[in-house]
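Working notes, beginning with the structure itself.
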Amino acid sequence: MDAAGPAELARLLAEAPAGERVAVVDRRFVGHRHALRLGLTDPRFSAAAVPGALTAEGPEARAALTGAAQRLAASTAPAGGGATLVLPSVPEPGTDPGAVTVQFDTAAADQGRTVMVDSAAADRVAVAVLPDTLAAALEAAGTEVYRPELGELVAAVPADDADRGHAARRTDAVDEEAVRLRRAVKSRDGFFTTFCISPYSRYLARWCARRGLTPNQVTTGSLLVALLAAASAATGTRPGFVAAGVLLIASFVLDCTDGQLARYSLQYSTLGAWLDATFDRIKEYAYYAGLAVGASVGGDDVWALALGAMILQSCRHVVDFAFMEANHDAAGNSSPTAQLSNRLDRVGWTVWARRIVVLPIGERWALIAVLTAATTPRTTLIVLLIGCAFAACYTTAGRVLRSVTRLRARTDRAADALAELADSGPLAELGARLLRPLARRMPAYGTPAIAIAGAVLLLAGVLLGGAGTWWAVAAAAGYLVTSSLAVARSLRGPLDWLVPPVFRAAEYLTVLGLAAQLSGPALPAAFGLVAAVAYHHYDTVYRIRGGTGAPPRWLVRAAGGHEGRVLVLTVAAALAYGGSPHGPAGARLPGAHALQVTMAAMAAALALVVLAESIRFWVFGGEAPAVHDETGDTA
């Protein structure tokens, strides 16, 4: 498509279909194709730019770009002759190679319109590099323009033939494919992943890209392999355990490959974000269930250990997420502890030692795989619990030190995110409104102290002989009061990020305590219930990280909130056992079956409602972000 002048450009931008991504590229551009891919085809950003190229997608960014082009046209109206800007949709095969150094095939990565701009011909009104001028205008008007880190990649608009030759030599000196492969790997990852998986999984990612496989297909393959691993572990035989360990590592290789494929080919999507965010948890927790089933084949009941491992890992993740959201303005944390940590990060061996000790997903899965193949499910789960407990203590202690020495106050975004992560239901909302005057008078550390006190009260009522009694119900009622008070004021305190993980631990351990003490056969149902609730919490986390906020309030209210579910469970247990469960083994008591059915029904109902809303949002809703984990933070 051809046009003359910025005014014609503005008209073409306005006429382009609203759903299309549009791009403006200076015809003099010299550089690598992957530099253009990074700048023009990443769906995570509505506006992005590299030197000599600019893209916009979405109504706000498109309107801002059109407006900037219109203002530029008004300010550069030609006198006498006339300025001509040539705007073909894509470079034609026969285009003068002196005019277009790089031909960029947008159809291979993202459907859109690419505008090639010739802004430097001698007989035309001088227009500075138009895409760069437009990008600066967008930023000045308040539109955020993403500028990818190019590193060795070249993106330049030469002013003359000498500059063109220099840029061309710089381009030829860089192995673009090698750069793409390196950039496919996270810049920050665990020791096992960095040195044992990524050196070859990146080539597997390239192999997949060249055969047209998508990251979502690889992600699904990783899930299927992990489920096969869980099924192998469930056989309860030594060959099955060995196969399970091998398959678990194979699943992790594919898990690394899907992200590397997405980065290699820039194939990000909202569906991929949802799959990537949830499948890791499904795979790991399904494997724990497989170990429990396999142990039962041999006569060993380890469901409590499997559920404990899932609870511990889920709570670790909530600690991670809550701390990161509370400190999203990490540059503002100039505390001495943070400065010491940053200095240690510059000492090579300490970086890897600290990453290993926290048992990220790579190390954790490798440990599980080896122990499964060589020992028993009970040994595997016990060692895993010990390792994860140590890692949780180490990371939480460091984060507490960072928080108490933090010099900057929490932001509104941090307080809102923590309130959403708290998962307070209608009962806690009502209680918070009633207790707000009291909450305002609490000291700085009063909020986490109240939350912890309520969790201890609840767990004491359930675990110290009160399960199935009205004493546990009274403890749950007390927990309702303390959890309401904890969220009655904005969560801006130094340690207020501890409130969501405390709530998670209290709820999950209540489920475990009730099932373990009252009804051994209810443990699989308890496992399913915690899994359903944990999925709801993970879904909340990834929505917040994507910038779209928590799930709708109707869903949180329908799910009951953490305090409501705890109250329902303790009341159900008391009713099932008549308020006084006597006997040497709860599994033989009449109420055992009723508790098992109650937990299974709650798990099914929650899973149905939460999963349906999650699928609507991530797959069909249209508002979900294409969020992928690029931070390298442990999972």
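The values are calculated or read from the model by the stated rules, or taken from the named source; none is laboratory data. What you see is a predicted model, and the numbers here were worked out from it, not measured in a lab. Don't worry about glycine lacking a Cβ; one is built from the backbone with ideal geometry, like all the others, and counts go over all protein chains shown. These area figures cover heavy atoms from the full protein model, side chains too; ligands, DNA and RNA do not enter into them. Shrake-Rupley method; radii C 1.70, N 1.55, O 1.52, S 1.80 Å.
Observations on the model:
- Looking at 424, 403, just one residue is open to solvent by less than 10 Å² (accessible area, probe 1.4 Å), under 27 Å from the mean Cα position of the chain (by Cα) and of a type in the set (S, T, N, Q), and that residue is 403.
- Selection count where residues are out of contact with any Lys or Arg (no Cβ under 9 Å at 6 or more places or on another chain), of a type in the set (Lys, Arg) and more than 30 Å from residue 237 (Cα to Cα), scope the range 353-409: 5
- When the range 24-40 is limited to residues that are modelled with pLDDT under 90 and farther than 18 Å from residue 170 by Cα, the one that is surrounded by the fewest Cβ atoms within 10 Å (Cβ to Cβ) turns out to be 27.
- Count of the range 49-73 residues, restricted to those that are out of contact with any Pro (no Cβ under 7 Å at 6 or more places or on another chain) and in contact (Cβ under 8 Å) with a residue 24 or more places away in the chain, is 15.
- Tally of residues being within 23 Å of the chain's Cα centre (by Cα) and open to solvent by 30 Å² or more (accessible area, probe 1.4 Å) across the range 555-574: 0
- Some residue of the range 197-212 being modelled with pLDDT of 95 or more and touching a Gly at 6+ places or on another chain (Cβ under 9 Å): yes
- Residue 587 vs. criteria out of contact with any strand residue (DSSP E or B) (no Cβ under 9 Å at 6 or more places or on another chain), part of a helix (DSSP H, G or I) and modelled with pLDDT under 80: yes
- Residue in the range 241-250 that is surrounded by the fewest Cβ atoms within 10 Å (Cβ to Cβ), counting only those that are within 18 Å of residue 193 (Cβ to Cβ) and of a type in the set (Gly, Ala, Ser): 250
- Single match in 528, 520 (criterion: surrounded by fewer than 24 Cβ atoms within 10 Å (Cβ to Cβ), under 21 Å from residue 295 (Cα atoms), within 23 Å of the chain's Cα centre (by Cα) and not hydrophobic (A, V, I, L, M, F, W, C)): 528
- Summed over the range 216-250, the residues that are closer than 14 Å to residue 287 by Cα, part of a helix (DSSP H, G or I) and touching a residue at least 40 places away in the same chain (Cβ under 8 Å) give a count of 17.
- Subset of the range 544-558 (residues that are basic (Lys, Arg) and either modelled with pLDDT under 90 or assigned to a loop (DSSP other than H, G, I, E, B) (or both)): 545
- Exclusive hit being surrounded by fewer than 19 Cβ atoms within 10 Å (Cβ to Cβ), among the basic types (Lys, Arg) and either in contact with a strand residue (DSSP E or B) (Cβ under 6 Å, 6 or more places away or on another chain) or modelled with pLDDT under 50 (or both), set 170, 124: 124
- Looking only at the range 453-490, and only at residues there that are among the hydroxyl-bearing types (Ser, Thr, Tyr) and assigned to a loop (DSSP other than H, G, I, E, B), the one that is surrounded by the most Cβ atoms within 10 Å (Cβ to Cβ): 469
- Here residue 521 clears all of (1) under 20 Å from residue 619 (Cα atoms); (2) modelled with pLDDT under 90 except the condition numbered (1).
- Where a residue in the range 386-413 is under 23 Å from residue 545 (Cβ atoms) and in contact (Cβ under 8 Å) with a residue 40 or more places away in the chain and its partner, wherever it lies, is in a loop (DSSP other than H, G, I, E, B) and among the basic types (Lys, Arg), with Cβ under 8 Å and at least six apart: 409/492; 410/492
- Condition met for residue 402 (in a helix (DSSP H, G or I) and touching a helix residue (DSSP H, G or I) at 6+ places or on another chain (Cβ under 6 Å)): yes
- Taking first residues from the range 592-613 that are open to solvent by less than 60 Å² (accessible area, probe 1.4 Å) and partners that are in a helix (DSSP H, G or I) and of a type in the set (D, E, K, R), the Cβ contacts under 9 Å between residues at least 6 apart in sequence or on separate chains come to 602/565; 606/565; 610/539; 613/539.
- Subset of the range 251-267 (residues that are open to solvent by 20 Å² or more (accessible area, probe 1.4 Å) and part of a loop (DSSP other than H, G, I, E, B)): 267
- Residue within the range 428-450 that is surrounded by fewer than 20 Cβ atoms within 10 Å (Cβ to Cβ), at pLDDT 95 or above, within 22 Å of residue 533 (Cα to Cα) and touching a helix residue (DSSP H, G or I) at 6+ places or on another chain (Cβ under 6 Å) present: no
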